[in-house]
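Written out below as structure tokens is the structure these notes cover.
The values are calculated or read from the model by the stated rules, or taken from the named source; none is laboratory data. Keep in mind the model is a prediction, meaning the values are calculated, not measured. Cβ placement follows ideal geometry from the backbone for every residue including glycine, while neighbour counts extend to all protein chains displayed.
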Amino acid sequence: MPELLRPSYHRTRLRPRMFHIGLGAFAKAHVLVFHDDMLRRTESDWGVVAARLHSGVAELDLLDEADGIYTVGEMSGDDIALRQVGAIVKTLHPARDGIEALIAQVADPDLCLITLTITEKGYCLKDGRLDRYHPAIEKDLASPDRPESAIGLITEGLRRRWRAGLPPLTILSCDNLPSNGELCYAAIRDFADHLDAGFGNWVREACRFPSSMVDRITPAMTQASHKQLAEVLGRPDANGILCEPFRQWVIEDDFAGERPAWDLVGAELVDDVAPFEKMKLRLLNGSHSFLAYAGALAGLETISDCMLEPDLLRACRQLMLEEQAPTLDMPYGVDIALYADTLIDRFSNSALHHKTVQIATDGSQKLPQRLLAPVRDHLKTGRAWPLTALAIAGWMHYCRGRSEQGGNLPLNDPLSARIKTIASETDGAKYVEELLTLSEIFSTDLPASVIFSTRIQTAYDQLRSEGVLKSVAAALSPA
Ligand code: CS2
């Protein structure tokens, strides 16, 4: 059995200095692993309170039973490295502890930092501003002391700090959005302005919202992965997580007060995160979405299965280097071809079982920054984008709910009701045309471009008539 690295620090020294909202597989394998490393290296007293807001009471109960300690297994081929993370000192869930307990946590005088993994949709934004007509935001604006959304919760807790004359906080977004700090700031600032102008100014002037680029492939746990972990651990750990060995965290160095010394354990603190965020979102996440739709439609279960299809592998590299890379300002010193090769290696990690249908979720929230923003650039420069077109058309095809083998493809998306109605009422060219009217995804400029809509129509027809793998093969540049 591989050696199990246990927390080497005295957990009794930990106080609740950091509040993580959105405790899921990714946060457990990324933010909390960096934090745990930092606790091993320093005398820091930064304990973490971890919350989930919607589902997951049972998961938090299980974590409490284990005193907040869980196993992380870093897997590559047949190798596995095991560690236990002990950074969490308390868990909170509104359905179990009451929302007041979470608001009080934000307003706790000991607290310095909030970290967030609430997914793209958790920010409730429209065109970069708080979406006042989002159902959860409408409710939270009407009764701010009983918030349901993460944005409403943080704002209410900050308001209590402001009223009590407590120090401001840093709110650090760790979600896959470009300029995630700015977007998080926009949502909270707009909410605060609505409550009180003086409070809004305090949020502007005193609180900080650094951006960050987060990276670690962490598939959702399944029965099979729990079994796999139990075999190497010698016992089950219901709170355990499996992920890849690679991890990266680039953080804008802009904090309201103290910050954890994550730089001692590999996090990069920089002035400008934007080039890193864009590179990762377009190369890694963009090709992930391409593979998710193409792979799921072709009946391929995991990303590493996709990498066993020579044409999909070539297409993935071509998408990265010929269609996404030309739209980037590269971070200083990064070799893009090497970065792409490393991504291909990471995608090929067959120990991970990262399911195509998992990555296919929330397409309406992911397409804009991963695939559509680069297309805007292509339309300006006149560059060709055949694989991006297949990825977008692939999402459309996927949304009809059937793979090429007739298997069921689940549609988990905040816009699923509207998408399903369009799918049931239209087909062919009309279906594509109707989906393009979803302005939350395509805005109005893209559907107004004849080049764009014709390209997507053609790609969609091709996927339907020739199938995914043939369409992809036809889009490949000569070797
Ligand atoms: C994936 C990401 O599910 C998805 O959309 O593209 O979760 C991806 O695995 C991570 O961003 C890797 O850092």
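Worth pointing out:
- Single residue of GLU244, GLU205, GLU252 found to be in the same structural domain as GLU138 (by TED's automatic domain parsing) and either within 16 Å of the ligand (Cβ to nearest atom) or modelled with pLDDT under 95 (or both): GLU244
- Only residues that are hydrophobic (A, V, I, L, M, F, W, C) and either assigned to a helix (DSSP H, G or I) or farther than 17 Å from SER173 by Cα (or both) were counted across region 262-287, and they come to 9.
- Count of region 348-371 residues which are near the ligand (Cβ under 9 Å from one of its atoms), outside any helix (DSSP H, G or I) and of a type in the set (A, V, I, L, M): 1
- Residue check, ALA224 surrounded by fewer than 22 Cβ atoms within 10 Å (Cβ to Cβ), part of a helix (DSSP H, G or I) and either in contact (Cβ under 8 Å) with a residue 40 or more places away in the chain or within 16 Å of the ligand (Cβ to nearest atom) (or both): yes
- If you check ALA384, ALA389 for being buried (at least 18 other Cβ atoms within 10 Å of the Cβ), of a type in the set (Gly, Ala, Ser), away from the ligand (no atom under 15 Å from the Cβ) and in the same structural domain as SER465 (by TED's automatic domain parsing), only one passes: ALA389.
- Flag if SER304 is over 22 Å from CYS399 (Cβ atoms), within 16 Å of the ligand (Cβ to nearest atom) and assigned by TED's automatic domain parsing to the domain that holds THR342: yes
- The residues on offer are PRO178, PRO167, PRO144, and the sole one that is under 23 Å from GLN369 (Cα atoms) and either within 16 Å of the ligand (Cβ to nearest atom) or not in a helix (DSSP H, G or I) (or both) is PRO178.
- Of all the listed residues (ARG282, ARG235), the sole one being surrounded by fewer than 23 Cβ atoms within 10 Å (Cβ to Cβ), among the basic types (Lys, Arg) and either modelled with pLDDT of 95 or more or within 24 Å of LYS366 (Cα to Cα) (or both) is ARG235.
- Failed item, numbered, when SER173 is tested on (1) among the polar types (S, T, N, Q); (2) closer than 22 Å to ARG346 by Cα; (3) touching a helix residue (DSSP H, G or I) at 6+ places or on another chain (Cβ under 6 Å): (2)
- Any chance PRO331 is in a loop (DSSP other than H, G, I, E, B) and closer than 28 Å to LYS380 by Cα: yes
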